[in-house]
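Novice: One structure coming up, written as structure tokens, with questions to follow.
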Amino acid sequence: MARRVAIGNNKGGAKKSTTAVRLAEALAKLGKTVGVAEMDPQGNASRRLGWKDSPDKLTTSEAIEANALGVASQVWQPIGWQTDYAHRIVVMPARYTLEDRALEAGQRGAYRRLAKALKGADDHLDYVLIDCQPSLGHLTQMALAAAHYAIGSTEPEYDSLEALVRFRDFVTASGEDLANPDLEFIGAVVSGHDQRTGGHVGQLANARTLFGDRIWGVVPRRSLIANADEYGKPLDEMADSAQIRAVFELLAKRFIKEVPPV
Ligand SMILES: Nc1ncnc2c1ncn2[C@@H]1O[C@H](COP(=O)(O)OP(=O)(O)OP(=O)(O)O)[C@@H](O)[C@H]1O
Ligand SMILES: [Mg+2]
């Protein structure tokens, strides 16, 4: 079984999807096989991985709706990048129809349906990174019920950091309720850091005070990251990206150390 790691924060724009996509990219470059499971109806991670939507394609929504053991094996798809490591990444993509699954929250066992879909369907992968939406509602609870671990990403800003604390506390409090008592919050990434912004320097220090050694990395604010996301490209295809690729490589190495593949 892959090690499954949910990536969350209870605030929008906290760089969750960028962290999921670029961590997947860096892990793949280090030889790991990674599934990115999108649990956000916005579908940002799927698109940024170069996945192109069309009506015939299956998504997370159908996997959950099927309510059947291992059904996710039919939903993993290649990503759209052409780099030599792209074949080590697969995506379980999402589109806005995933919103419909949130409405099923009251159905018996609904919170276990992603776990059920993934059972036996990720044995061929080292990792599954689950990109969460900014809420703590049903879709995120399904992600947490399926995950071994949760990590967060945050901007170095007050509201983002506060929302990360909320996510961490929610994870810590919810394992038993989600029939996943071993679930643990184990790390966080501070992303979009700009040294010239006075508040960022102070909030990075705050993040270190709050999370200590659980801050696994600090990603600087760089337009090339936003541009790579915008155009759905791998960092390897972006000019002058060596420094940023090194930042994500370091993050991936820390990730592998904290979450060794089984
Ligand atoms: N280090 C960075 N420097 C500059 N821009 C960044 C960086 N990381 C991410 N971005 C950009 O910031 C924006 C928000 O990031 P992202 O969409 O990953 O956040 P999110 O937490 O997933 O948002 P949502 O809550 O909507 O899912 C995106 O346009 C992304 O490309
Ligand atoms: Mg996102």
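Novice: How are the Cα pair distances of the range 172-262 distributed, in percent, across 10 Å bins from 0?
Specialist: The percentages, shortest bin first, are 14, 34, 33, 16, 2.
Novice: Can I ask one more? So what's the projected area for the chain, the Cα convex hull averaged over all directions, in nm²? Don't skip to the end; give the middle numbers.
Specialist: Details: hull surface 50.4 nm².
Averaged projected hull area, Cα only: 12.6 nm².
Novice: Follow-up question, since we're still on this one. Heads up, I need the accessible area for Lys233: 1.4 angstrom probe, whole protein in place, Å², nearest 10.
Specialist: 80
Novice: Which value in nm describes the separation of the simple spin-label points at Glu184 and Glu104, placed 7 Å from the Cα toward the beta carbon?
Specialist: Distance between the two pseudo-spin positions: 3.2 nm.
Novice: On to the next question. Can you give me the solvent accessible area of Asp56 with a 1.4 Å probe, rounded to the nearest 10 Å²?
Specialist: About 120 Å², ignoring ligands and nucleic acids.
Novice: Considering only protein heavy atoms, what per residue accessible area in square angstrom results for the chain with a 1.4 angstrom probe? List each step's numbers first, then the result.
Specialist: Details: 11050 Å² over 262 residues.
Ligands and nucleic acids excluded, the figure is 42 Å² per residue.
Novice: Size of the range 115-219 along its principal axes in angstrom, Cα-based, largest extent first?
Specialist: Here the Cα extents, ordered largest to smallest, are 47, 28, 23 Å.
Novice: May I ask for the equivalent-ellipsoid semi-axes of the range 22-65, computed as the square root of five times each C-alpha gyration tensor eigenvalue and listed largest first in whole Å?
Specialist: Values: eigenvalues 96, 26, 19 Å².
In descending order the semi-axes read 22, 11, 10 Å.
Novice: Treating cross-link reach as a plain straight distance, find the lysines whose alpha-carbon is under 26 Å from the alpha-carbon of Lys15, omitting any fewer than eight places away in the same chain.
Specialist: Lys29, Lys32, Lys52, Lys233, Lys253, Lys257
Novice: What does the net charge come to around Gly31 if you take all other residues with beta carbon closer than 11 Å to its beta carbon, with K and R at +1 and D and E at -1? Walk me through the numbers before you get to the answer.
Specialist: On the way: positive: Lys29, Lys32, Arg88; negative: Asp126.
Result for the local shell: +2.
Novice: Same structure again: Any chance you could look up the accessible area of Glu155 with a 1.4 Å probe, heavy atoms only, rounded to 10 Å²?
Specialist: About 20 Å², ignoring ligands and nucleic acids.
Novice: So, in nm, how far is label Glu249 from label Asp177 when the simple model puts each one 7 Å beyond its Cα toward the Cβ?
Specialist: For Glu249 paired with Asp177, the spin-label model returns 4.3 nm.
Novice: Suppose R0 equals 45 Å; then what is the FRET efficiency for Val201 and Gln74 from their Cβ-Cβ distance, rounded to the nearest 0.05? Walk me through the numbers on the way to the answer.
Specialist: On the way: r = 48 Å, r/R0 = 1.06.
The calculated FRET efficiency here is 0.40.
Novice: Further, regarding this structure: In whole Å, how far is the Cα centre of the range 31-68 from that of the range 129-165?
Specialist: Here the two parts' Cα centres lie 18 Å apart.
Novice: Can you pull the one-decimal nm distance between simple spin-label points at Lys57 and Tyr158, each 7 Å off the Cα toward Cβ?
Specialist: Taking the two extended label points, one gets 4.1 nm.
Novice: Given a 1.4 Å probe and every protein chain left where it sits, what share in percent of the accessible area of the chain is carbon and sulfur?
Specialist: Exposed carbon and sulfur together represent 49 percent of the surface.
The values are calculated or read from the model by the stated rules, or taken from the named source; none is laboratory data. All values reported here derive from a predicted model rather than from experimental measurement. Positions of Cβ are generated from backbone atoms using ideal geometry, with glycine treated the same way; all protein chains shown enter the neighbour counts. Keep in mind that these areas ignore ligands, DNA and RNA; they rest on the heavy atoms of the full protein, side chains included. Shrake-Rupley method; radii C 1.70, N 1.55, O 1.52, S 1.80 Å.
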